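Just so it is clear, none of the values below were taken in a lab; they were calculated from the coordinates. Predicted model only: the values in this text are computed from it and were never measured. Ideal geometry is used to build each Cβ from the backbone, glycine not excepted, and the neighbour counts take in all protein chains shown.
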Amino acid sequence: MIKLEKVSKKFGTGVFVLSQVNILVNKGEFVFLTGPTGAGKTTIFRLITREILPTEGQVMVDNWDVVKLARHKIPHLRKKVGVVFQDLKILMDRTIFENIILPLEVAGVKEKEAGQKAEALLEKVGIINHRDKFPIQLSGGELQRTAIARALILSPLIVLADEPTGNLDTETAFGIVDLLENINKQGTTVIMATHNTEIVGKASKRVITLHKGRLVKDETPNKKEEKKG
Amino acid sequence: MVFRTTLKNIRRSPYQAFAAILIMTLTFLVISFFTFILVGASSIVNYFESKPTLTAFFKNEAKEEEIKAMEESIKATDKVASVKFVSKKEALQIYREQNKDDPLLLDLVTEDILPASLEISAVKIEDLSDIHDTLKGYPIVSEIIYQKDIVSALTSWTNALRKIGIAIIAILALVSIFIMGVITGVKISQKKEDIEIMKLIGASSWYIRWPFILEGVFYGVVGAFLGWGIASLSLWYSGPYLEFFLKGIPIFPISFIFLLGLLGMELIIAVVLGAFSSFAAVLRYLK
C-alpha cells in the first residue's frame, strides 16, 4: 500500500531530516511511527501526501509513484489518503458539521448524500451532539475526533494520524486509539505517529521507530524483528 | 457549491464588495454616458448630412426678374436637386408660425425686415461649397448660410469626444482591473489558511480559484447594471429638456432596444473585466 525506498529529504538548511529510509506498509495494517520530536515522522506523512518532494528515493502509494505524479493528480492522491494533522487544521469559522463535510464538497458529492454521510460519521466518532457547534466550543479530544472524522469522510484507503493524542489526557488518548483501531478493523490502513510510549506499549501493533531521520527499529508484536535503516 | 462559496465570500466582506461594485459602477456609468453622447452626436451629424441645403438671402433692392434669372441658371447645373423661392411674405408667415406663442416677437417684425431667399438642396453634401461659390458671384445675394460649417464642426467635436471617451474609459477600466486585483489579492491572503487546508484535503486548484473569479464577475455584472441603470434613468429624466434643446433633430424618443443593446454590450465587458482582473490576481497569489 505504501512503500518508501531509500528516501532522503534535505531541507534548505542542508540538514537531512530523513536519510535512506525504507518502509513498506501493507494494505490493512496498523502501524505506529514513533521517535522523538524531529525524528522525521511528520516529514514522512508530508512525503506521502506530496506536500513535499523527497531529495532522493521513491515514494509509492497504492501503486502510484508519488514523486512523478502529475500536478493535476495530486487532489486524487489526497482523496485516497486521509490525514489527521498534528495541528488539526480545522476551519474555525465553520461548524463541526461544515468542517467534516468539506472534503465531500470538494469531491463534488451531492449535498443530501454528503449530509447523510457526515451525520453517520459524527455518530461513529461520538460527537453528533456537537454537530452545529463551532470548533472553539469543543474540547481537545472532541476536536481530535472532528479531525479524524474529516480524515475519514472520503472513505480513504489510508489514514495518517499525526500525534492525534498529543495534548490529551490518558483516557481520552486511549479513546482516540480505540477509534483508529476500529477504523483499521474495517480495512483502512492506519499509520499513527506518536511519541507516547504508553499507548504504543499497550496496543501491540507494528512499531517503526525513527531517530534523527533514520529508521532504527521496525518491530511487529509476534516476531520482534529488528532492522537497521 | 461554488456559487454558494462565492456568495458567502461576498457577504462576509461587505466593504470590499462595496468598493469593487463602486469602481465598476463608475466605469460603466462613464461608458454609458459616452455612448449616449457619441450616438447622439453622430445622429445630429447624420441629420445635417442628410439635408444638404443652403439658403441664399437677397438684398432688399433685388428685383424679381434678377432673382428669377438666377434661379433658372442655378437649376441648370446638375449639382442642384431642387430650388425653392421664399418671398418676403412667405418668410413672414414662416416667422409667425415659428413664434406664434410669443406676441411680443410677432409685433416687432414686419414684412420689410425679412429678406426674400432661395432655399437650395444639393444632391451631395460635397457640392455645397461649389454652389456656395457660384451664388457668391451674384451681386443681389447678401448672405449665404449652409450646414457645411455645422457638419464639419460637429464632426471634429465628435471625433475629439470619441478620443477623450476612449481614453477615459481605458483609464477607468485599467483602474478597475487594478482595484479588483488588489481586492481579490487581499481576499486570497485572508483565506490563506483555508486555502492550504482545502488543498491538503484534496481540493483541485480550480475548485479554489473559481469562487474568486466568479466574485470578480459578480462585481462586474452588478457594476454594469448599476452604471447602465443610472445613466439610462438620467437620460430618461433629461429627455424632455434635450428634446427641446435639439429642436427638430429626430433623436428622441431613445429606443429601448438601443438601451438593451448597450446593456448587453456592457455585461459582456463586465464579465471579461471581472473575470480577467480576478483571474490575474488568482494566478499571481494562488500558485
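Over the Cα atoms of the stretch A:2-219, what is the Rg over Rh ratio if Rh follows Kirkwood?
Values: Rg = 17.0 Å, Rh = 17.7 Å.
With Rh from the inverse mean 1/r over Cα pairs, Rg/Rh is 0.96.
Using the Cβ-Cβ distance between B:D78 and B:A153 with R0 set to 35 Å, the FRET efficiency from 1/(1 + (r/R0)^6) comes to roughly 0.80.
Antiparallel DSSP bridges in chain A: what percent, to the nearest 5?
On the way: 18 of 35 bridges.
Bridges in chain A are about 50 percent antiparallel.
Against the 2.2 N^0.38 Å scaling, with N counting residues, where does chain B land? I'd like the Cα-based Rg ratio to two decimal places.
On the way: Rg = 30.2 Å, N = 287, 2.2 N^0.38 = 18.9 Å.
Chain B yields a ratio of 1.60.
Using just its DSSP H runs of length 4 or more, each adding -39500 (n - 2.57), chain B gives a mean residue ellipticity at 222 nm of -25000 deg cm²/dmol after division by all residues. The stretch B:252-267 and the stretch B:90-131 have Cα centres lying 37 Å from one another. Net length available on complete extension from B:I268 to B:K136 is 42.1 nm, with 0.36 nm assigned per residue and the Cα-Cα distance removed.
Cα-Cα pairs above 22 Å in the stretch A:30-150: how many percent? Before the final figure, lay out each step's value.
Values: 3249 of 7260 pairs.
The calculated P(r) of the stretch A:30-150 puts 45 percent of pairs beyond 22 Å.
The sum of -39500 (n - 2.57) across all DSSP H runs of n ≥ 4, divided by the residue count of chain A, sets its helix-only mean residue ellipticity at 222 nm to -10500 deg cm²/dmol. For the protein assembly as shown, the residue among B:F252, B:F218, A:A107 whose Cα projects farthest onto the positive side of the dipole built from Cβ charges is A:A107. Hey, if you put +1 on the Cβ of every Lys and Arg and -1 on every Asp and Glu Cβ in the protein assembly as shown, which of B:N99, A:I23, A:H72 ends up farthest toward the positive end of that dipole? About the Cα centre, the residue reaching furthest to the positive side is A:I23. Cα centroids of the stretch A:130-171 and the stretch B:196-250: 44 Å apart.
Counting only alpha carbon atoms, the long axis of helix B:148-190 and the longest principal axis of chain B meet at about 10°.
The slack between B:A170 and B:Y237, meaning 0.36 nm per residue of separation minus the straight C-alpha distance, is 21.3 nm. Between B:I131, B:I213, B:I197, the Gaussian network model of chain B with springs among Cα atoms under 10 angstrom shows the greatest mean-square fluctuation at B:I197.
Taking one quarter of the surface of the convex hull spanned by the alpha-carbon atoms of the protein assembly as shown gives a direction-averaged projected area of 37.6 nm².
Listed by chain and number, the aspartates and glutamates placed with their C-alpha closer than 12 angstrom to that of A:K3 are A:D62, A:D65; residues fewer than eight positions away on the same chain are left out.
Considering only A:F174, A:V125, A:L88, the residue lying farthest towards the positive end of the dipole of chain A is A:L88, judged by Cα position with unit charges set on Cβ.
If you place +1 on the Cβ of every Lys and Arg and -1 on the Cβ of every Asp and Glu, how big does the dipole about the Cα centre of the protein assembly as shown come out, in debye to the nearest 20? Kindly include the intermediate steps, with their values, before the conclusion.
Numbers: 63 positive and 55 negative charges, 803 e Å.
So the dipole magnitude of the protein assembly as shown works out to roughly 3860 debye.
Take each residue in B:201-214, count the other chain C-beta atoms within 10 Å of its C-beta, and the mean is 5. Evaluated with a Cβ-only charge set (Lys, Arg +1; Asp, Glu -1), the stretch B:50-204 carries a dipole of roughly 1080 debye about its Cα centre, given to the nearest 20. Between 0 and 90 degrees, rounded to the nearest ten: what's the tilt of helix B:205-245 against the longest Cα principal axis of chain B? Compared with the principal axis, the helix lies near 20 degrees.
Of A:L102, A:L180, A:L18, the residue with the greatest mean-square motion in the GNM of chain A, using alpha carbon springs below 10 Å, is A:L102.
For the stretch B:52-146, lysine pairs with C-alpha atoms less than 13 angstrom apart, excluding pairs fewer than eight positions apart on the same chain, total 6.
The GNM of chain A, with springs linking C-alpha atoms under 10 angstrom apart, assigns the highest mean-square fluctuation among A:I208, A:I148, A:I136 to A:I136.
What helices in chain A pass both tests, a Cα length along the helix axis of 15 Å or more and a mean Kyte hydropathy of -1.0 or higher, using whole DSSP H runs? All intermediate terms of the calculation are to be shown ahead of the outcome.
Values: long enough: A:96-107 (18 Å, 1.48); A:111-125 (21 Å, -0.83); A:140-152 (18 Å, 0.00); A:170-185 (22 Å, 0.14).
Sorted by number, the helices that extend far enough and score high enough are A:96-107, A:111-125, A:140-152, A:170-185.
Using a Förster distance of 51 angstrom, determine the FRET efficiency expected from the C-beta separation of B:E65 and B:I230, and round it to 0.05. Don't skip to the end; give the middle numbers.
Details: r = 63 Å, r/R0 = 1.23.
Computed FRET efficiency for B:E65 and B:I230: 0.25.
Once R0 is set to 25 Å, what does the formula 1/(1 + (r/R0)^6) return for the Cβ-Cβ distance between A:K212 and A:D65, expressed as a FRET efficiency to the nearest 0.05?
Values: r = 27 Å, r/R0 = 1.09.
Taking R0 as 25 Å, the efficiency between A:K212 and A:D65 is 0.40.
In this structure, the residue pairs whose Cα-Cα separation is over 31 Å, taken from A:K9/A:K110; A:K41/B:K191; A:K185/B:K192; A:K217/B:K192; A:K124/B:K187, are A:K9/A:K110; A:K185/B:K192; A:K217/B:K192; A:K124/B:K187. Based on the Kirkwood approach, the hydrodynamic radius assigned to the stretch B:52-146 is 14.1 Å, with every pair of different Cα atoms included. Label-to-label distance, B:I257 versus B:R284, with points set 7 angstrom from Cα along the beta-carbon direction: 4.3 nm.
Can you tell me the 0 to 90 degree angle between the C-alpha axis of helix B:88-98 and the longest principal axis of chain B, rounded to 10? So the helix axis and the longest Cα principal axis differ by about 30 degrees.
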